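A.B. asks: Right, I'll just put the structure down here and ask away after.
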Amino acid sequence: GYALVHAFGAAFDNPDLVVACVVGDGEAETGPLAAAWHSNKFLNPASDGAVLPILHLNGYKIANPTILARMDDVELRALFAGYGYEPFFVEGHEPVPMHRLMAAKLDTVLDRIRSIQERARTPFWQGERPLWPMIVLRSPKGWTGPKEVDGKKVEDFWRSHQVPVSNARSNAGHRKILEDWMRSYEPEKLFDDSGRLLPELAALAPTGSKRMGATPYANGGLLKRDLVLPDWKSLALDVPRPGGAKAEATRILGSYLRDVISLNAQAGNFRLMGPDETSSNRLDEVFEVTDRVWMQRIEPYDVDLSRDGRVMEVLSEHLCQGWLEGYLLTGRHGLFSCYEAFIHIVDSMVNQHAKWLKTSRELAWREPIASLNYLLTSHVWRQDHNGFSHQDPGFADFVANKKADTVRLYFPPDANTLLWITDHCLKTYNRINVITAGKQPAPQWLS
């Protein structure tokens, strides 16, 4: 359920990018995807790109109908209007009219996106949150496939999710169904006698970086620029002798991250993510130079909220993780700060990112991206306030099971060690760095 949150991560700080994101109706039932619709409350039309969600309702998942597909258009329109979207519907069963209808709706929604952005990029914009367009696409599951196999419904039903013709090798009836299905696409009109795609059809594809597989946004290492980092030694705590000072390590780190944000403000390529814990984790000094980004209504008594903050806080570890992954995959940098006990929520997302990093290293054309960096605090050894409910060091065990060339675990004992480690991690690439550090007052050991 990560497609939509990744799309928004890619759009942040990419003002010229429109990210079309197809969301399956099965995926739409997952928790991360259901929360990801709220990402539009963090998307600034003046400085960010746009996300065009395309909710594909084909009616079924592996063996059941889907919730959203069984809702009528009136209910769906109300649901997504409540989320802050303007739904446009594309519905039908006939391919040719559907292609034309989809093309017309795409023209409409792209014009709507351009209009939103043009207004927001004038001096007259007051910071109001726009109603972003989206497309709801209803088409049959297994569209254009066999309608029935062995007397059982396949097209427009969940059986098309599986292997619709399972015994074509030894069952003549199945083989005939498969042949008729393949011939229905009229391959003789698509390929020449040697099996090559006809030149006039190949010419329809985009060229250069407009090709989906060649766009630098899909190979973010091509766009990555190193961060400008402060001299961490200038921020180091004075420790006259081992144990001779007492400090909150993450509070000292907050001054370093403040300077990282300030030094890279013009480049706009660093964000700090966290589930409502930036202040709790003693990183408050970042608010000397930035705010929490917030596209909702801002009250006069709110603290450190603005339309263009570099800190992203939402009480969903899934969204923080997904935003950061999308941000990194499109060539930028970031840090995810979280309580140690609650980072487990994103275990499966970390697993997939680690697999992606491993595979990407094997592809010579794929450029390295900035590392996925975690700062875990409120750790198991110092639960002065919450106690047992907030004790769980297991994320370190989980990460330690990955390949050593992909992951690194750091346990800095004091503030100055934490400064050096964070400085190091922000310079690395193609890794998952997990830093576990205390936020409570503690003796300082190293100068």
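A.B. asks: Can you pull out the residues in the range 1-11 that are among the aliphatic types (A, V, I, L, M) and either outside any helix (DSSP H, G or I) or surrounded by fewer than 23 Cβ atoms within 10 Å (Cβ to Cβ) (or both)?
C.D. replies: Our first condition is that a residue be among the aliphatic types (A, V, I, L, M); within the range 1-11, this holds for 3-5, 7, 10-11.
The answer is A3, and nothing else.
Yes or no, residue by residue, for (1) of a type in the set (D, E, K, R); (2) under 14 Å from the mean Cα position of the chain (by Cα); (3) part of a helix (DSSP H, G or I):
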{"residue": "D13", "(1), (2), (3)": "yes, yes, no"}
{"residue": "V23", "(1), (2), (3)": "no, yes, no"}
{"residue": "P32", "(1), (2), (3)": "no, yes, yes"}
{"residue": "W37", "(1), (2), (3)": "no, yes, yes"}
{"residue": "N44", "(1), (2), (3)": "no, no, no"}
{"residue": "I54", "(1), (2), (3)": "no, no, no"}
{"residue": "V74", "(1), (2), (3)": "no, no, yes"}
{"residue": "R77", "(1), (2), (3)": "yes, no, yes"}
{"residue": "A81", "(1), (2), (3)": "no, no, yes"}
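A.B. asks: Let me ask something additional. Of these, S389, S337, S316, which one is of a type in the set (S, T, N, Q) and either surrounded by fewer than 19 Cβ atoms within 10 Å (Cβ to Cβ) or more than 22 Å from P32 (Cβ to Cβ) (or both)?
C.D. replies: Details: S337 fails: either surrounded by fewer than 19 Cβ atoms within 10 Å (Cβ to Cβ) or more than 22 Å from P32 (Cβ to Cβ) (or both); S316 fails: either surrounded by fewer than 19 Cβ atoms within 10 Å (Cβ to Cβ) or more than 22 Å from P32 (Cβ to Cβ) (or both).
After applying the criteria, what remains is S389.
A.B. asks: Which one of A214, A205, A168 is touching a Lys or Arg at 6+ places or on another chain (Cβ under 8 Å), closer than 30 Å to V19 by Cβ and free of Cβ contacts under 8 Å to residues at least 12 places away in the same chain? Lay out the reasoning, then the answer.
C.D. replies: On the way: A214 fails: touching a Lys or Arg at 6+ places or on another chain (Cβ under 8 Å); A168 fails: closer than 30 Å to V19 by Cβ.
Within the list A214, A205, A168, the selection yields A205.
A.B. asks: What residue, of G254, G213, is at pLDDT below 95 and under 28 Å from the mean Cα position of the chain (by Cα)? So that I can check it myself, show each step before the final result.
C.D. replies: Numbers: G254 fails: at pLDDT below 95.
Checking each option against the conditions leaves just G213.
A.B. asks: Tell me which residues, restricted to the range 206-232, are part of a helix (DSSP H, G or I), loosely packed, with under 14 Cβ neighbours inside 10 Å and touching a helix residue (DSSP H, G or I) at 6+ places or on another chain (Cβ under 8 Å). Steps first, please.
C.D. replies: Residues of the range 206-232 that are part of a helix (DSSP H, G or I), as a first pass: 208-210, 216-218, 220-222, 232.
Still in the list and also loosely packed, with under 14 Cβ neighbours inside 10 Å: 208-210.
S209, the sole residue that qualifies.
A.B. asks: Now for a different question. Could you pull out the residue among A404, A415, A370, A364 that is more than 23 Å from W323 (Cβ to Cβ) and in contact with a Leu (Cβ under 9 Å, 6 or more places away or on another chain)? Spell out the reasoning first.
C.D. replies: Working: A404 fails: in contact with a Leu (Cβ under 9 Å, 6 or more places away or on another chain); A370 fails: more than 23 Å from W323 (Cβ to Cβ); A364 fails: in contact with a Leu (Cβ under 9 Å, 6 or more places away or on another chain).
After ruling out the rest, the residue left standing is A415.
A.B. asks: Could you check the range 324-352 and list, in sequence order, the residues that are under 10 Å from the mean Cα position of the chain (by Cα), under 19 Å from D276 (Cα atoms) and of a type in the set (A, V, I, L, M)?
C.D. replies: Answer for the range 324-352, where residues must be under 10 Å from the mean Cα position of the chain (by Cα), under 19 Å from D276 (Cα atoms) and of a type in the set (A, V, I, L, M): just L324.
A.B. asks: Further, regarding this structure: Can you find a residue in the range 63-82 that is closer than 19 Å to V19 by Cα, surrounded by 15 or more Cβ atoms within 10 Å (Cβ to Cβ) and not assigned by TED's automatic domain parsing to the domain that holds N269?
C.D. replies: Step one: list which residues in the range 63-82 are closer than 19 Å to V19 by Cα, which gives 80.
Retained after the next criterion (residues that are surrounded by 15 or more Cβ atoms within 10 Å (Cβ to Cβ)): 80.
Pick out the ones that are also not assigned by TED's automatic domain parsing to the domain that holds N269 and you get 80.
There is at least one residue in the range 63-82 that is closer than 19 Å to V19 by Cα, surrounded by 15 or more Cβ atoms within 10 Å (Cβ to Cβ) and not assigned by TED's automatic domain parsing to the domain that holds N269.
A.B. asks: Another one. Which of the residues spanning the range 243-277 are closer than 19 Å to P412 by Cβ and either touching a His at 6+ places or on another chain (Cβ under 6 Å) or of a type in the set (S, T, N, Q) (or both)?
C.D. replies: Result: T250, S255.
A.B. asks: Here's a follow-up. Any idea how many residues of the range 135-154 are within 32 Å of the chain's Cα centre (by Cα) and either of a type in the set (D, E, K, R) or at pLDDT below 95 (or both)?
C.D. replies: Looking only at that region, the number is 2.
A.B. asks: Being in contact with a Phe, Trp or Tyr (Cβ under 7 Å, 6 or more places away or on another chain) and either exposed (fewer than 13 other Cβ atoms within 10 Å of the Cβ) or outside any helix (DSSP H, G or I) (or both) is the filter here, so list the residues in the range 87-107 that pass it.
C.D. replies: The first filter runs over the range 87-107 and keeps only residues in contact with a Phe, Trp or Tyr (Cβ under 7 Å, 6 or more places away or on another chain), leaving 87, 105.
Correct list: P87 only.
A.B. asks: Filter the range 407-447 for residues that are hydrophobic (A, V, I, L, M, F, W, C) and free of Cβ contacts under 8 Å to residues at least 40 places away in the same chain and give the result. Talk me through it step by step, then tell me what you get.
C.D. replies: Step one: filter the range 407-447 for residues hydrophobic (A, V, I, L, M, F, W, C), giving 407, 409, 411, 415, 418-421, 425-426, 432, 434-435, 437, 442, 445-446.
L409, F411, I421 - these are the residues of the range 407-447 that are hydrophobic (A, V, I, L, M, F, W, C) and free of Cβ contacts under 8 Å to residues at least 40 places away in the same chain.
A.B. asks: Given the criterion assigned by TED's automatic domain parsing to the domain that holds L418, of a type in the set (A, V, I, L, M), at pLDDT 95 or above and more than 27 Å from W125 (Cβ to Cβ), identify the matching residue among L305, L335, L272. Don't jump to the end; show me each part of the working.
C.D. replies: Working: L305 fails: more than 27 Å from W125 (Cβ to Cβ); L272 fails: more than 27 Å from W125 (Cβ to Cβ).
Within the list L305, L335, L272, the selection yields L335.
The values are calculated or read from the model by the stated rules, or taken from the named source; none is laboratory data. Note that the structure is predicted; figures quoted are calculated from it, not measured. Neighbour counts run over all protein chains shown; Cβ positions are idealised from the backbone, glycine included.
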